[in-house]
Amino acid sequence: MTLLRRLLIAAGLVVIVIGAIGVLRSASVGFWPYVRFLFVSAVYADLLVMPLVLLAGVLAARLLPPWLRVPVQAGLYVSAAVAFISLPLVLGYGRDSSLPSALPRDYPRGLLIVLAFVWAAVVVASVWRFVRSRSSRRTPAST
């Protein structure tokens, strides 16, 4: 397992170096817009998204029955990650009317479709956990 972990870390570092070289060699956008993007996205993720997700998780843990907690918390976390990743596409950053192939899809609708699948999975997992919790209460423990 240690070898696999080290190989994955090495592969990740290679990808980071390739990306950094690409940013430094890019003359079309420049270095500082990339730095600004990284700073703003880190601040957005750490100071806005994460506290809201953690608050929602705490509220779910306190207010929901045990069989419903884990699926709802997982749905909240996945929804936050998907929304965070898709935000630039949904807002249309990079869309150019003179270049119709740049961001050609309906990204808000796509986000809603992905979120619908996430929450459908939450419903299925919740029903499964509910049925399982009911059946475990009925069967007496064998000694």
Over the chain, the sum of -39500 (n - 2.57) across DSSP H runs of at least four, divided by residue number and rounded to 500 deg cm²/dmol, gives at 222 nm -27000 deg cm²/dmol
Mind jotting down the distance between the C-alpha centroids of the stretch 98-117 and the stretch 28-62, whole Å?
21 Å
Measuring from the longest principal axis of the C-alpha atoms of the chain, the long axis of helix 31-44 (C-alpha) lies at a number of degrees, nearest 10, equal to 20 degrees
Hey, can you rank 102-108, 69-75 by average C-beta count inside 10 Å, highest first?
69-75, 102-108
Roughly how tilted is helix 107-138, in degrees to the nearest 10 and between 0 and 90, from the longest Cα axis of the chain?
20 degrees
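Read-outs throughout are calculated quantities, based only on the coordinates presented, and are distinct from any laboratory measurement. Because the structure is predicted, anything quoted here is derived from the model rather than measured. Positions of Cβ are backbone-derived with ideal geometry, glycine not excepted, and every protein chain shown enters the neighbour counts.
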